[in-house]
1. Of the residues Lys69, Lys56, Lys88, Lys60, which is of a type outside the set (S, T, N, Q) and touching a strand residue (DSSP E or B) at 6+ places or on another chain (Cβ under 7 Å)?
2. Look through segment 103-124, keep the residues that are open to solvent by less than 40 Å² (accessible area, probe 1.4 Å) and of a type in the set (A, V, I, L, M), and return whichever of them is farthest from Ala29 (Cα to Cα).
3. Does Val47 satisfy the criteria of being part of a loop (DSSP other than H, G, I, E, B) and modelled with pLDDT of 90 or more?
4. Would you tally the residues in segment 38-55 being open to solvent by 90 Å² or more (accessible area, probe 1.4 Å) and out of contact with any helix residue (DSSP H, G or I) (no Cβ under 7 Å at 6 or more places or on another chain)?
5. Conditions: (1) exposed (fewer than 13 other Cβ atoms within 10 Å of the Cβ); (2) closer than 17 Å to Met122 by Cα; (3) out of contact with any helix residue (DSSP H, G or I) (no Cβ under 8 Å at 6 or more places or on another chain). Lys86 meets all but one. Number of the miss?
6. Please work out if Ser54 is of a type outside the set (D, E, K, R), over 24 Å from Lys151 (Cα atoms), modelled with pLDDT under 90 and touching a Lys or Arg at 6+ places or on another chain (Cβ under 9 Å).
7. Just to be sure, is Ser138 hydroxyl-bearing (Ser, Thr, Tyr) and buried (at least 16 other Cβ atoms within 10 Å of the Cβ)?
8. Considering every residue within segment 62-82, establish whether at least one is within 19 Å of Phe166 (Cα to Cα), touching a Gly at 6+ places or on another chain (Cβ under 9 Å) and surrounded by 12 or more Cβ atoms within 10 Å (Cβ to Cβ).
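The values are calculated or read from the model by the stated rules, or taken from the named source; none is laboratory data. Remember, it's a predicted structure, so these values are computed and weren't measured experimentally. Backbone-built Cβ (ideal geometry, glycine too); neighbour counts: all protein chains shown. When the accessible area is computed, the model is the full protein with side chains, heavy atoms only, and any ligands, DNA or RNA have been set aside. Shrake-Rupley method; radii C 1.70, N 1.55, O 1.52, S 1.80 Å.
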Amino acid sequence: MAREQIQVIVPTDWKDITIAEYQRYLQLAKTRRKTKDDEIIAMFCKVDKELIKSVKLKDKKVLVEKINKFVNSKNERELEKKIKFKGKQYGFLPNLSKITTGEFVDIEEYGKDINSNLHRIMSVLYREVDKEVGKYYSVKPYDPDELEIDKFKDLPMSTTLSAIDFFFRLGKNLLQDLNNYSRVVMKNKEIKH
């Protein structure tokens, strides 16, 4: 009897993966369940878990390898300042130096378990655009509403990774600037002595 051929498409872009899927992947990756690979393939490739059971073991291994390669790939991304999400325009906090105490405290708290709270962090950083003039915009005031927060589980990981990369580069640049400033201060002290 001939086997039915199925086509499974492995994602190649983070815009095809939601925060909720990524969080589920991280949970599955920690487990020792025998069905872990089937669940990961089904979720990322958007196929029925029962269908995965009929895939040859060698083909399943290839799929898992491709998914792991994709998940572990490093693609620096430019910050997505404004995004269209759930039919609305959202914007990244336009001025981080004006972050409110509530925003800061919540980001600090959510940061204690970043992977489980990615959607919460993103709901603080990205909010519905309130006003827009040219390239400038303002966002609606911070209101930590659980229903609004849960919507962010559907946010594409591409947007999330762009924000993570932004903060990584910011930290790296600040560290480099601090190092350069320290050298100048040390040189000036040497000259004075």
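1. Lys88
2. Applying the filter and picking the extreme gives Val124.
3. So Val47 passes the test.
4. Residues meeting the conditions: 2.
5. (3)
6. Values: of a type outside the set (D, E, K, R): yes; over 24 Å from Lys151 (Cα atoms): yes; modelled with pLDDT under 90: yes; touching a Lys or Arg at 6+ places or on another chain (Cβ under 9 Å): yes.
Yes, satisfied.
7. Considered against the rule, which asks whether it is hydroxyl-bearing (Ser, Thr, Tyr) and buried (at least 16 other Cβ atoms within 10 Å of the Cβ), Ser138 comes out as no.
8. Within segment 62-82, one or more residues are within 19 Å of Phe166 (Cα to Cα), touching a Gly at 6+ places or on another chain (Cβ under 9 Å) and surrounded by 12 or more Cβ atoms within 10 Å (Cβ to Cβ).
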